[in-house]
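Just so you know, all these numbers are worked out from the coordinates, no wet-lab data involved. Values in this document were obtained by computation on a predicted structure and should not be read as measured data. Positions of Cβ are backbone-derived with ideal geometry, glycine not excepted, and every protein chain shown enters the neighbour counts.
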Ligand SMILES: C[S@@+](CC[C@H](N)C(=O)[O-])C[C@H]1O[C@@H](n2cnc3c(N)ncnc32)[C@H](O)[C@@H]1O
């Protein structure tokens, strides 16, 4: 809920008097100017990102590339409280079962070589492991990987990969299916583009990728507090196209409002 103006005003004046009490008048003057500049820059960044999204600017120098970086994600998820292993994001047992029956079972072949991006506490890893002959889990958070290592210690068919740059250290056409839920919603467009390039390289012909990502720009306000990156559905479509992948289906159900869940394939048939 938005705060009332008089509450904000009293909080600001209390802060100013504390700053002034400790730092003096000149310090307070600089402090206020700095705060104003910072909030101006933040709002300018918001406007620049909207233009980048509209014009589909995906460049290392863009503003959206400076937000939701690998380091931002690493810091956030390394210090996250994983005691519920990500189940705090599961609205109901039925919801989870529906995702498994409609997306995981149809597109992750039994006995296949599977890559999960961003396993976190292993919410989906458990089910991927039960189907895969070999499962690779890739995460920027060493803490998430350590938790998975501990949780799946008795499984010999899992390998842990720490994501350090934008490439994935696996052989070309060696993966039957890629799974990533609640991860690309936190990845910036430049990093997401590199991942899509890797999907095209890693997938066997006929292989699938099931990817949860942000939806259309005009749906953003449906999920204002979801810590969503500046990636959009249109950019995902562009990445699919530029890597000669195919969009098999897209749903807006089973994800947070404003997000999307896409099934993507690489042409050909699995051998
Ligand atoms: C919200 S959690 C979701 C975890 C799990 N997929 C789930 O649904 O419960 C996001 C996970 O994505 C990982 N992540 C964030 N950015 C990443 C990136 N660029 N590459 C790989 N993993 C990333 C985080 O470290 C974290 O484990």
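Points worth noting:
- Percent of C-alpha pairs per 10 Å bin, segment 143-271, short to long: 12, 40, 34, 13, 1
- By average C-beta atoms within 10 angstrom, highest first, the peptides 148-156, 130-138: 130-138, 148-156
- If the segment from residue 39 to residue 4 were pulled out straight at 0.36 nm per residue, it would be longer than the present Cα-Cα gap by 10.7 nm.
- Size descriptor, Kirkwood hydrodynamic radius, that averages inverse alpha-carbon separations across segment 92-202, Å: 14.3
- Length available on full extension from residue 105 to residue 216: 0.36 nm per residue minus the Cα-Cα distance, which gives 37.3 nm.
- Given R0 = 45 Å, the distance between the Cβ atoms of residue 159 and residue 30 translates into a calculated FRET efficiency of 0.30.
- Whole-number D in µm²/s for the chain (Stokes-Einstein; Kirkwood sum over Cα pairs; 4 °C, 1.567 mPa s): 63
- Per-selection Rg to Rh, segment 15-84 - Cα, Kirkwood hydrodynamic radius: 1.17
- Segments 73-86, 227-240 sorted - mean Cβ within 10 Å per residue, highest first: 227-240, 73-86
- Folded to 0 to 90 degrees: helix 233-242 orientation relative to the chain principal axis, Cα: 50
- With the convex hull of its Cα atoms as the shape, segment 173-214 has an orientation-averaged projected area of 2.7 nm².
- Sites residue 22 and residue 146, calculated FRET efficiency, Cβ-Cβ separation with R0 35 Å, nearest 0.05: 0.30
- The chain: calculated mean residue ellipticity at 222 nm from DSSP helix runs of at least 4, using -39500 (n - 2.57): -13000 deg cm²/dmol
- 0 to 90° range, to nearest 10: angle between helix 189-202 axis and the chain longest Cα axis: 10
- Taking only the C-alpha atoms of segment 126-181, Rg followed by Dmax gives 11.4, 30 Å.
- The length gained by stretching the chain between residue 78 and residue 267 to full extension, at 0.36 nm per residue less their Cα-Cα distance, is 64.4 nm.
- Interatomic Cα distance distribution for segment 179-249, bins of 5 angstrom, percent: 3, 16, 29, 26, 15, 7, 3, 0
- Averaging Cα coordinates gives a centre for segment 120-193 and one for segment 1-43; these two points are 43 Å apart.
- Hydrodynamic radius by Kirkwood, which averages 1/r over all alpha carbon pairs of segment 49-133, in angstrom: 15.8
- Two-site FRET efficiency, residue 98 against residue 227, from Cβ-Cβ distance with R₀ of 25 Å, rounded to 0.05: 0.55
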